[in-house]
Amino acid sequence: MEFTENLSTNRKSAEDRAKVLADPGFGDFFTDHTAVIDWSANGEGHGGTWHDARIEPYGPIAMDPAASVLHYGQEIFEGLKAYRHEDGSVWTFRPHANAARLNKSAARLALPQLDEEVFVESLRKLVASDIDWVPTGDGEALYLRPFMIATEAFLGVRAAREVSYRVIASPAGNYFGGELKPVAIWVSHNYARAGRGGTGSAKCGGNYAASLVAQLEAEDNGCKQVLFLDPFNDNAVEELGGMNVFFVTKDNKLVTPALTGTILEGVTRSSVIQLAKDRGIEVEERRITLDEWREGVASGEITEVFACGTAAVITPIGVLKNGTELIGDEDAKAGEVTMSIREELLGIQRGTVEDRHGWLERLV
């Protein structure tokens, strides 16, 4: 698919861009352009055509007030990063895995499939247009946000026949800000992230919207993130609001909740599992309950806990709170296994550690 280019005549100045890149935060600033592809159904069937692939100036989206996405939440998104390597080239990490997950989410939300190569090309075109926005600081990257929304103006409850796929980009620093240290996590006993047969395995906005009230509760209790449980399965650990969870045991095992349809299959999650196996660490994907977490920390059976995701990469967890008890240590230090895997993963993404699995894809 060929992309046309309508480049902005009002780009940020080099001075303004430098101010942003000096302290980018996360998701606060955006580059000068966006990639766009439109889709239209072929009549009333399931088929359709992607068309009008383009790079255009970043800005508001003109949308009919009756657009399906505004009323029924028919939308999905992805998240990945572009990294500046020492030679100035720009690479991304496992984009085909993100493309495959986008299509899996699309199938669940009754949205059209997008060819994986077109997905990657959309990233390549956008980054090439906005390459000056890719940060060079330690731990920094250009965060890429592909998303797909139903744009048809129609209030009937059915799959939309007009859809827009877009990619925006934002320079990103450390997700939690400042020095990396174990974070406090709030346990939600009042809210569930997803249910069986629902959209838990899809990356759609509704899952995140439903998590926000619990996130506010977490923040009110001095926690960075919220942990969701399955209350109908002995309070089995699910995931954080936007991150998967791992446990390191004293006998050198790595344990993470099995994918049951209510947990998002994270690209970082699968990468951590592979890197652990490369080291000879046994990985268990199984049910782990809140009781096992509590008892494992108390007995020393669980020696480290961490969360992982594209935005924060790998973040050590120090303590779990629920208002009546603490599980873990508020003054805990990041674990050795946690930090070692984190450094290896970041090194691969940055191009300073061998990419044994061919995960990197050059964009520019």
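Scan region 169-189 and give yes if some residue there is assigned to a loop (DSSP other than H, G, I, E, B) and over 30 Å from Gly25 (Cα atoms), otherwise no.
Yes, some residue in region 169-189 is assigned to a loop (DSSP other than H, G, I, E, B) and over 30 Å from Gly25 (Cα atoms).
Residue-wise test of (1) in a helix (DSSP H, G or I); (2) under 25 Å from Gln349 (Cα atoms).
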position: Asn207; (1), (2): yes, no
position: Glu217; (1), (2): yes, no
position: Leu229; (1), (2): no, no
position: Val237; (1), (2): no, no
position: Phe247; (1), (2): no, yes
position: Asp251; (1), (2): no, no
position: Thr256; (1), (2): no, yes
position: Val283; (1), (2): no, yes
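Can you report the number of residues in region 137-167 which are within 22 Å of Arg94 (Cβ to Cβ) and surrounded by fewer than 18 Cβ atoms within 10 Å (Cβ to Cβ)?
Summing the residues that are within 22 Å of Arg94 (Cβ to Cβ) and surrounded by fewer than 18 Cβ atoms within 10 Å (Cβ to Cβ) in region 137-167 gives 3.
I'd like the full set of residues that are under 23 Å from the mean Cα position of the chain (by Cα) and either assigned to a strand (DSSP E or B) or outside the structural domain of Asn233 (by the TED database) (or both), limited to region 285-297.
Once the filter is applied, which keeps residues that are under 23 Å from the mean Cα position of the chain (by Cα) and either assigned to a strand (DSSP E or B) or outside the structural domain of Asn233 (by the TED database) (or both), region 285-297 yields Glu285, Arg286.
Take the residues of region 347-364 that are in contact with a strand residue (DSSP E or B) (Cβ under 9 Å, 6 or more places away or on another chain) and among the basic types (Lys, Arg): which is most open to solvent (accessible area, probe 1.4 Å)?
Arg362
In this structure, is Asp355 modelled with pLDDT under 95 and either within 19 Å of Val90 (Cβ to Cβ) or outside the structural domain of Ser129 (by the TED database) (or both)?
Answer is no for this residue.
Would you mention how many residues in region 19-66 are farther than 19 Å from Phe119 by Cα, assigned to a loop (DSSP other than H, G, I, E, B) and within 24 Å of the chain's Cα centre (by Cα)?
Within region 19-66, residues that are farther than 19 Å from Phe119 by Cα, assigned to a loop (DSSP other than H, G, I, E, B) and within 24 Å of the chain's Cα centre (by Cα) number 12.
List every residue pair whose Cβ atoms sit under 8 Å apart, with the two residues 6 or more apart in sequence or on different chains, where the first one lies in region 65-80 and is in the same structural domain as Thr92 (by the TED database) and the second, anywhere, is among the hydroxyl-bearing types (Ser, Thr, Tyr) and part of a strand (DSSP E or B).
Gly79/Tyr143; Leu80/Thr92; Leu80/Tyr143
Taking the condition of a type outside the set (Phe, Trp, Tyr), closer than 21 Å to Ser271 by Cα and either surrounded by 13 or more Cβ atoms within 10 Å (Cβ to Cβ) or without any contact (Cβ under 8 Å) to a residue 24 or more places away in the chain (or both), does Glu344 pass?
It is true that Glu344 is of a type outside the set (Phe, Trp, Tyr), closer than 21 Å to Ser271 by Cα and either surrounded by 13 or more Cβ atoms within 10 Å (Cβ to Cβ) or without any contact (Cβ under 8 Å) to a residue 24 or more places away in the chain (or both).
Give me the pairs: first residue in region 105-121 and within 19 Å of His51 (Cβ to Cβ), second residue acidic (Asp, Glu) and modelled with pLDDT under 95, beta-carbon distance under 8 Å, and six or more apart or on different chains, which are they?
none
Do you know which of the residues in region 44-69 that are closer than 25 Å to Glu2 by Cα and acidic (Asp, Glu) is least open to solvent (accessible area, probe 1.4 Å)?
Going through the qualifying residues, I end up with Glu56.
Any chance you could count how many residues in region 191-236 are among the hydrophobic types (A, V, I, L, M, F, W, C), within 19 Å of Pro257 (Cβ to Cβ), within 19 Å of the chain's Cα centre (by Cα) and open to solvent by less than 10 Å² (accessible area, probe 1.4 Å)?
5
With the requirement that a residue be open to solvent by less than 10 Å² (accessible area, probe 1.4 Å) and part of a helix (DSSP H, G or I), what does region 70-126 give you?
Pro95, Asn98, Ala99, Leu102, Ser105, Ala106, Phe119, Val120, Ser122, Leu123, Leu126
The values are calculated or read from the model by the stated rules, or taken from the named source; none is laboratory data. Predicted model, so just to flag it, every value in this text is computed and none were measured. Positions of Cβ are backbone-derived with ideal geometry, glycine not excepted, and every protein chain shown enters the neighbour counts. Only protein heavy atoms, including side chains, enter the accessible area calculation; ligands, DNA and RNA are left aside. Shrake-Rupley method; radii C 1.70, N 1.55, O 1.52, S 1.80 Å.
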